């Protein structure tokens, strides 16, 4: 029997309460994702949603928030070197990712300390 999974709809990342402005500044301002409206029944919970290309990220408020250091989204980029230059210009540090056949990679952190991996196919 198969469950019949068709694809991935979104990834949710936790964030602390009241930090939506910092989320917008990073995910829209630095990463260039567009903020998309949350459904009205979910908007009161805080957080924000972003999309770009085939990526949809939901940032949800979590009580007792702790940043994810291991679990992470891995976002594909067209030009990792250019992305790292833009990140550096925005004051976002990046570290080299380990070797992975077919990719060059780096890791960054969002304003809340969550790990985000950036990957370019080579």
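Please treat every number below as a calculation from the coordinates, not as lab data. Keep in mind that this is a model prediction, so the values were computed, not measured. For neighbour counting, all protein chains shown are included, and Cβ atoms are generated from backbone atoms with ideal geometry for every residue, glycine included.
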- Query: Is segment 98-121 home to any residue that is more than 27 Å from residue 42 (Cβ to Cβ), touching a helix residue (DSSP H, G or I) at 6+ places or on another chain (Cβ under 9 Å) and assigned to a loop (DSSP other than H, G, I, E, B)?
  - Reply: no
- Task: Among the residues of segment 87-115, write down those that are surrounded by fewer than 17 Cβ atoms within 10 Å (Cβ to Cβ), under 17 Å from residue 24 (Cα atoms) and more than 13 Å from the chain's Cα centre (by Cα).
- Result: 90, 91
- Task: Keeping to segment 63-86, report how many residues are more than 29 Å from residue 17 (Cα to Cα), surrounded by fewer than 16 Cβ atoms within 10 Å (Cβ to Cβ) and in contact with a strand residue (DSSP E or B) (Cβ under 9 Å, 6 or more places away or on another chain).
- Result: 3
- Among (1) out of contact with any strand residue (DSSP E or B) (no Cβ under 8 Å at 6 or more places or on another chain); (2) over 19 Å from residue 13 (Cα atoms), which single condition is residue 43 missing? (2)
- Note on the structure: Log entry, pairs with first residue in segment 96-110 being at positive phi and without any contact (Cβ under 8 Å) to a residue 60 or more places away in the chain, second being surrounded by fewer than 17 Cβ atoms within 10 Å (Cβ to Cβ) and assigned to a loop (DSSP other than H, G, I, E, B), beta carbons closer than 7 Å, six or more apart or on different chains, reads 102/122
- Task: State whether the residues of segment 61-75 include one that is in contact with a helix residue (DSSP H, G or I) (Cβ under 7 Å, 6 or more places away or on another chain) and within 16 Å of residue 117 (Cα to Cα).
- Result: no
